[in-house]
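The values are calculated or read from the model by the stated rules, or taken from the named source; none is laboratory data. Fair warning: this is a prediction, and the values are worked out from it, not measured in the lab. Here the Cβ positions follow ideal geometry from the backbone for every residue, glycine too, while neighbour counts run over all protein chains shown. Protein only, heavy atoms only, side chains kept; ligands, DNA and RNA dropped before computing areas. Shrake-Rupley method; radii C 1.70, N 1.55, O 1.52, S 1.80 Å.
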Amino acid sequence: MHSFGYRANALLTFAITILAVLCGLASLSDNFNFPSPSAEVQVLNINWFQKQPNGNDEVSMTLNISADLRSLFTWNTKQVFVFLAAEYETPKYSLNQISLWDGIVTSKEHAKFLIHTSNKYRFIDQGSNLLGKEFNLTLHWHVMPKTGKMFADRMVMPGYRLPQDYR
Ligand SMILES: *[C@@H]1O[C@H](CO)[C@@H](O)[C@H](O)[C@H]1NC(C)=O
Ligand SMILES: *[C@@H]1O[C@H](CO)[C@@H](O)[C@H](O)[C@H]1NC(C)=O
């Protein structure tokens, strides 16, 4: 005869094992989801473009960001952190990355969105490199699962260019 304590303990061990297996399956099944998010960003307006007294260029722009990140959501997705970065090359650095906007998407219902906004974070170059500068807008996303490893990916939208003159 086993004591009550022994049985309770065996039951608990069994429950924990099942839970561990389920968590394993959850993150495993996530690996078979091949997400295909889409995004499109238009620069609707250059609000102003100046050289600051310290010599750094700063630009303010109005963006039209549309994205469909619904395919990132599975039943194991807790939330998605997303940010839009301007990426460009300068003589000093092959990659300069400036975050212009970010957000947290907490459900599939909110994962398809259209945002009309001026840049939330300042677009300042540490130098005077922005006149006529070609840049990419890259949408980065970090998927935080309920269980398992976080994963990150991005989508590059090339071919943007800043004006040749300050305004
Ligand atoms: C913003 O982008 C959406 C989707 O690409 C488009 O339908 C809409 O007309 C754009 N808005 C403006 C003001 O250009
Ligand atoms: C911008 O995108 C193009 C095309 O994907 C790529 O070749 C280039 O390296 C990118 N520029 C930067 C600064 O990341």
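Below is a table of values for the structure above.
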{"item": "Solvent exposure of the chain as accessible area per residue, Å², 1.4 Å probe", "result": "62 Å²"}
{"item": "Selected from Phe83, Leu95, Leu137, residue furthest toward positive end of dipole (the range 51-167; charges at beta carbon)", "result": "Phe83"}
{"item": "Candidate residues Asp102, Asp153: accessible-area rank, largest first, probe 1.4 Å", "result": "Asp153, Asp102"}
{"item": "Signed unit charges on C-beta, dipole axis of the chain, positive-most listed residue Ser36, Ser128, Phe73", "result": "Phe73"}
{"item": "Lysine-lysine proximity count for the range 35-161, Cα under 27 Å, sequence distance 8 or more or distinct chains", "result": "17"}
{"item": "Quarter of Cα convex hull surface for the chain, i.e. mean projection, nm²", "result": "13.9 nm²"}
{"item": "The chain: angle of helix 4-30 to the longest principal axis, Cα-based, in degrees nearest 10", "result": "30 degrees"}
{"item": "The chain - percent relative contact order, Cα under 8 Å, separation 6 or more", "result": "24 percent"}
{"item": "Residue order for Thr147, Thr138 - accessible surface, 1.4 angstrom probe, largest first", "result": "Thr147, Thr138"}
{"item": "Helical contribution to [θ] at 222 nm, DSSP H n ≥ 4, -39,500 (n - 2.57), averaged over the chain, rounded to 500", "result": "-6000 deg cm²/dmol"}
{"item": "Rounded to the nearest 20 debye, dipole of the range 1-156 from Cβ charges on Lys, Arg, Asp, Glu", "result": "580 debye"}
{"item": "About the Cα centre, charge dipole magnitude for the range 47-104 (Lys/Arg +1, Asp/Glu -1 at Cβ), debye", "result": "140 debye"}
{"item": "Rounded percent of accessible protein surface that carbon and sulfur make up, the range 56-167, 1.4 Å probe", "result": "51 percent"}
